[in-house]
Amino acid sequence: MGENSTSQATIQDNTPITVLGLGHIGLPTALGLAELGRQVIGADDDSRKVGLIRGGDPTFYEPGLTELLAQHLKSGRFQPVDDVAAAVRAGSIIFICVGTPQKANGQADLGQVEAVAQVVARNLNGYKLLVEKSTVPAITAQWLKRTIVRYSSGKAYPAPGSAPAAGPMAFDVASNPEFLREGKALEDFFHPNRIVCGVESERARDLLVNLYGPLKCPMVVTNTSTAELIKHAANAFLSMKISFINMVSDLCEKVGADVGAVARGIGLDNRIGPQFLDAGIGYGGYCFPKDLRAFIHLAEEHGVDFSLLQEVEHLNQSRVEMFVGKVRQAIWNLQGKTLGVLGLAFKAGTDDIREAVSLKIIEILREEGSILRLYDPQAIPNTQRVLPASEQIAYCTSAYDVAQGAHALLLLTEWEEFRELDLARLRGVMEVPVLVDGRNLFDPEAVHKAGFEYFSVGRGDPKLAGTHTSPGIALK
Ligand code: UGA
């Protein structure tokens, strides 16, 4: 790090940061940076969303976000705007947090990322560091550079492959992938395991290292393509870990083993680690399914046989049928049965239902003629938008309400509040006390004690398996 470049970065520290896109990544990032003491402009071209954010509503559920938003609207360090061009002109470090949805062929749709590059090109009024935070395929940074040079009529600098940025129309592009989990976004922002900075100049490196300095965690500084690949590889690896333990759980059921104990047994090995070894109905959400497909597409595009990941995807998709099979095993015919569903969000701590496995399961149960009573602590409004109430679908106000007259309860999202439920009270209002647990949230002994017939995942050990200890019923 040269002396000059360090002082340059320090000067830039006082200039505003612009965050483009105020969704699940952009808003926590913007508010996190404001909390670190920076002046942040958050821009989104959705004026309605910006209006709500200005009024203190983050527009989605994320623990702690409402409070942090209120705090930094008040401190004046966070300014939400809908004029993207003005926000670009005002910032010297510009974070791209726009959506990268999936195209029909699995490829990432980078239309919004390119649009941002064009706006930057047309509004360059001094040095800017353009930072990719959205998950993008490797070499997107090179496209960003090329686009900025093109749309600034060639006046911007540097052209791809040229020397580091200098002069009034200078810019840099960096990749700084996010590793924020929904439901834990702020925790992950303030306590990251690592920060990855893909840069192509000392100036860009110094700016990012300075920016994140207060977070005091390992920094991995690489080139831009490597940083882009790290993000894809991380999500793909975690998806693979989940599919792996899910297959182990199927085997556990066959051989009389307990997947929880297997996960603990292998997870205590430092080389494997204990996280992301919870077997269940499979992974969902906006990130894993989409990012895995984009990674597979990237490999195919470059002639690399990464069929391992295709298998991960295939195994994950098969979890839906696995779970519906368990429900059939538990209650026999689905038609006309009343099923209480606990959990709609793709995981606990969020109101997000994008690619939620729960909704795929609900769709099959609905098609088969079950009557569904649904409850989730946060995700009911989002679910109602895609699955309106009907003769077959009722939204409930609590888990106890869901259980009313049900022939079975299905646990689909691992909310902590479900763990605390009064099982005897639930049983008391059900038609038949059957519990099918897609997340292994409950302690089998407690469930059996409360008089439930219990079906969970990967608990083939006779001491844990529900069918062996249910009161007075011997299903084999
Ligand atoms: C994931 C990554 O964990 C983040 O690091 C990353 O930044 C983010 O994607 C992203 O790319 O933006 P997220 O999608 O919020 O975060 O959720 P996870 O906590 O990773 O869970 C994903 C899915 O896997 C959920 O459906 C969850 O229920 C499931 N899961 C997770 C399991 O089935 N088993 C586990 O052991 C862990």
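Could you list His24, His72 so that the one with the fewest beta carbons within 10 Å of its beta carbon is first and the one with the most is last?
So the ranking, lowest neighbour count to highest, is His72, His24.
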What spacing in nm lies between the two simple spin-label points modelled at Thr66 and Met219, each 7 Å away from Cα in the Cβ direction?
3.6
Hydropathy first: keep DSSP H helices in the chain averaging at least 0.0 on Kyte-Doolittle, then drop any whose Cα extent along the axis falls short of 18 Å, and list what survives.
224-255
Would you pull out the residues with amide H under 5 Å of Val81's amide H, same chain only if 5 or more places away, H placed 1.01 Å from N?
Gly42, Ala43, Asp44
Relative contact order of the chain, please, whole-number percent, based on alpha carbon pairs below 8 angstrom and at least 6 residues apart.
12
Going through the cross-link list Lys128/Lys155; Lys74/Lys216; Lys128/Lys290; Lys49/Lys128; Lys241/Lys290; Lys103/Lys231, which pairs have a Cα-Cα distance over 24 Å in this structure?
Lys74/Lys216; Lys128/Lys290; Lys49/Lys128
Counting DSSP beta bridges with both ends in the chain, the antiparallel % (nearest 5)
5
Given the alpha-carbon gyration tensor of the chain, what are the semi-axes of its equivalent ellipsoid in whole angstrom, ordered largest first, with each equal to the square root of 5 times an eigenvalue?
46, 24, 19
Counting every C-alpha pair in the range 328-451, the percent lying more than 18 Å apart is 46
Averaged over all directions, how much area does the convex hull of the C-alpha atoms of the range 237-469 cover when projected, in nm²?
13.0
On the formula 1/(1 + (r/R0)^6), with r taken between the Cβ atoms of Arg146 and Asp443 and R0 of 51 Å, the FRET efficiency rounded to 0.05 is 0.35
Burial ordering of Arg150, Arg354, Arg48, fewest other beta-carbon atoms within 10 Å first:
Arg48, Arg150, Arg354
Which lysines have a Cα less than 27 Å from the Cα of Lys449, not counting those fewer than 8 places away in the same chain?
Lys254, Lys326, Lys337, Lys463, Lys476
What percentages, rounded to whole numbers, describe P(r) for the range 226-357 computed over all alpha carbon pairs with 5 Å bin width beginning at zero?
2, 9, 16, 19, 19, 16, 10, 5, 2, 1, 0
For the residues Lys74, Lys241, what sequence is obtained by ranking on other C-beta atoms within 10 Å, fewest first?
Lys74, Lys241
Under the rule of at least 5 residues apart or a separate chain, name every residue whose amide H is placed under 5 Å from the amide H of Leu374.
Val341, Ala394, Tyr395, Cys396
Tell me which residues come under 5 Å, amide H to amide H, from Val131 once H is placed; ignore anything under 5 positions away on its chain.
Ile94, Phe95, Ile96, Ala174
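Coordinate-derived values only; no laboratory data. The model shown is predicted, which means the values in this text are computed figures rather than measured ones. Quick reminder, even Gly has a Cβ in these numbers, built from the backbone with ideal geometry, and neighbours come from all protein chains shown.
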